[in-house]
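The block underneath contains the structure these notes are about, expressed in C-alpha cells.
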Amino acid sequence: MPSEARIIPEYQDLKEGDTILDGPPGSAFFTVRLMESNRALVLYSDSHLRFLVPRSIRENPTYDIYGQFSWAFVLEERGEKNARLIVRTRANQGPRFYRAVTMPFILVGGEFFTTRKLLYGIKRRVEDTRASEPVIG
C-alpha cells in the first residue's frame, strides 16, 4: 500500500505494545517495543520472516522455522534545526538451511530497497514541511 504524502496527526499516538499491520490482516505485523516521542521508535516482528516460505512448510512443526526482525529509528539532534536519523535493522531466523536460503532476499529486498525507499519518503516529507514554513528575516 502507498504511504501517505503528509503526516496525519491522528496517527501520531503510538504506544509501546501497539500493533502496526504490514500487510493484510493475518499476515505480517510489527509490535512497538519502544516509543519516545521525537527521539526513538523500535519495532519488532516475529511474523515477517516466516512469510518468505510457503504456508505448507512454515506451518509444519517438523521444520521449526522461526524469524525475528527489529527496526530501530533514532533521531539525534544536531543543533537547533538539524537532526540525524539513524536506522538500524536486526534479523535472526532459523533453522540454518532456512537462514542460508532466505538471507540474500532479506538483505537485498528487505534491507536495501525497502529501507532506502522508506528513508527517501521521510526525506521528501521533511523537505516539503520545511518548504511550507514561513521564512523569518
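Values computed for the structure shown
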{"quantity": "Candidates Ser56, Ser70 - the one that is among the small types (Gly, Ala, Ser) and either modelled with pLDDT of 85 or more or part of a loop (DSSP other than H, G, I, E, B) (or both)", "calculated": "Ser70"}
{"quantity": "Residues of region 71-93 satisfying the condition of being crowded, with 16+ Cβ neighbours inside 10 Å and among the small types (Gly, Ala, Ser)", "calculated": "Ala72, Ala91"}
{"quantity": "Close pairs (7 angstrom Cβ cut-off, 6 or more residues apart or separate chains): over 13 Å from His48 (Cα atoms) in region 10-32, part of a loop (DSSP other than H, G, I, E, B) and of a type in the set (A, V, I, L, M) anywhere", "calculated": "Val32/Leu14"}
{"quantity": "Extreme residue, farthest from Arg130 (Cα to Cα), among residues of region 56-94 that are without any contact (Cβ under 8 Å) to a residue 24 or more places away in the chain and of a type in the set (Val, Ile, Thr)", "calculated": "Thr62"}
{"quantity": "Residue list for region 7-36, filter: under 25 Å from Ala83 (Cα atoms) and surrounded by 10 or more Cβ atoms within 10 Å (Cβ to Cβ)", "calculated": "Ile7, Leu14, Glu16, Val32, Arg33, Leu34, Met35, Glu36"}
{"quantity": "Any chance Thr115 is polar (S, T, N, Q), in contact with a strand residue (DSSP E or B) (Cβ under 8 Å, 6 or more places away or on another chain) and either farther than 19 Å from Tyr44 by Cβ or modelled with pLDDT under 85 (or both)", "calculated": "yes"}
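The values are calculated or read from the model by the stated rules, or taken from the named source; none is laboratory data. Quick caveat: nothing in here was measured; it's all calculated off a predicted structure. Note that each Cβ is placed from the backbone with ideal geometry, even for glycine, and that neighbours are counted across all protein chains shown.
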